[in-house]
1. Starting from the Kirkwood Rh over alpha-carbon pairs, what translational D in µm² s⁻¹ does the stretch 61-154 have by Stokes-Einstein at 25 °C and 0.890 mPa s?
2. Which net charge results when you count Lys and Arg as +1 and Asp and Glu as -1 among the other residues whose beta-carbon is under 11 Å from that of ASN202?
3. Would you please name the trypsin sites (Lys or Arg not before Pro) within the stretch 8-47 that are DSSP coil residues with at most 16 other C-beta atoms within 10 Å of their C-beta?
4. With runs of 4+ DSSP H residues as the only contributors, calculate the mean residue ellipticity of the chain at 222 nm using -39,500 (n - 2.57) per run, divided by the residue total and rounded to the nearest 500.
5. Between 0 and 90 degrees, rounded to the nearest ten: what's the tilt of helix 122-134 against the longest Cα principal axis of the chain?
6. Work out which GluC sites (Glu not before Pro) in the chain are exposed loop sites (DSSP not H, G, I, E or B, at most 12 other Cβ within 10 Å) and give the longest gap free of them.
7. Putting +1 on Lys and Arg Cβ atoms and -1 on Asp and Glu Cβ atoms, find which of HIS194, SER120, GLN37 reaches farthest to the positive end of the dipole of the chain.
8. Using a ≥ b ≥ c from the Cα gyration tensor of the stretch 15-103 (square roots of the eigenvalues), is it rounded, prolate or oblate, where a/c under 1.5 gives rounded and otherwise the larger of a/b and b/c decides, a/b for prolate?
Amino acid sequence: MLDLFSLRPETHYGCPSADQILINRHYVVGYSYYFRQAKWALEIVTPGDRDMNDVERQDDFIVDYRIPKRFRATLDDFRGSGYDRGHLVASANKLETQIQNNETFLLSNMAPQHPRLNRSMWRELETAVRELDAKKDRNGDRKNLETYVISGPIFDFTTGTRFIGQRDDNGIEIPIPSHFFKCVLTIDKNNKIHMWAFEMPNEELDGNLLDYLRPTSYIEQRAGIVFWDNLLGDEVEAKKASKGGMW
């Protein structure tokens, strides 16, 4: 039987399981019916050195009607909650065409995120990933051929769980993640694989990004997801450490 997900470039190194897989034009989402939000979102970052000046962020958030009504979030669920509609696939990562950017505003790509995380440390991490993707060598050539990113929520039930959303018979409640993760995999021009993983509490943070760097295997346990299941782990594990700086 043909595995349709394997035809997507984003899933080249693996596609985690989920209740519903949403195939978008430029990224893939694994949606959780239980949590009423994405379990993970997987993308290849658009190369950072392209001319993208003609594409503007529209901020036009859209309900994803591919998800059954009883499991999907609406705009009303976030309105007045005190939490941002936090992108998992960043809008600024998808600026090659207008439709590419617009689809990042599907609510299936959103999770309840503390405003001072979403607009500060999480945004700083998104920017750092784009800078990693755009890095050049001394000859001015791109150091990385591709940059894969998987992001999602973590729910630590030992800390208690809060909710947003409607509480009437026709509405749903959406649990607020306790943390968020972002795992990055790059293929350099020598076809070597490098990996980094980050976990951030869903709150206002200080310090620097390195304070939130974690082993990929640790975050897999926390999120209950195997990220890159098409890789042979023992051969990649040694390349996860970052020395001499952020990347």
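1. Rounded, D is 163 µm²/s.
2. Once all neighbours under 11 Å are counted, the net charge is -3.
3. Listed in order of number, the matching sites are ARG25.
4. Calculated at 222 nm, the ellipticity per residue is -3500 deg cm²/dmol.
5. 30 degrees
6. After excluding every exposed loop site, the longest remaining stretch is 57-202.
7. Ranked along the dipole, the leading option is HIS194.
8. Judged from the Cα gyration tensor, the stretch 15-103 comes out oblate (a/c at least 1.5, b/c at or above a/b).
Read-outs throughout are calculated quantities, based only on the coordinates presented, and are distinct from any laboratory measurement. In this text, all values refer to a predicted model and were calculated from it rather than measured experimentally. Here Cβ is always computed from backbone atoms with ideal geometry, including for glycine, and neighbour counts include all displayed protein chains.
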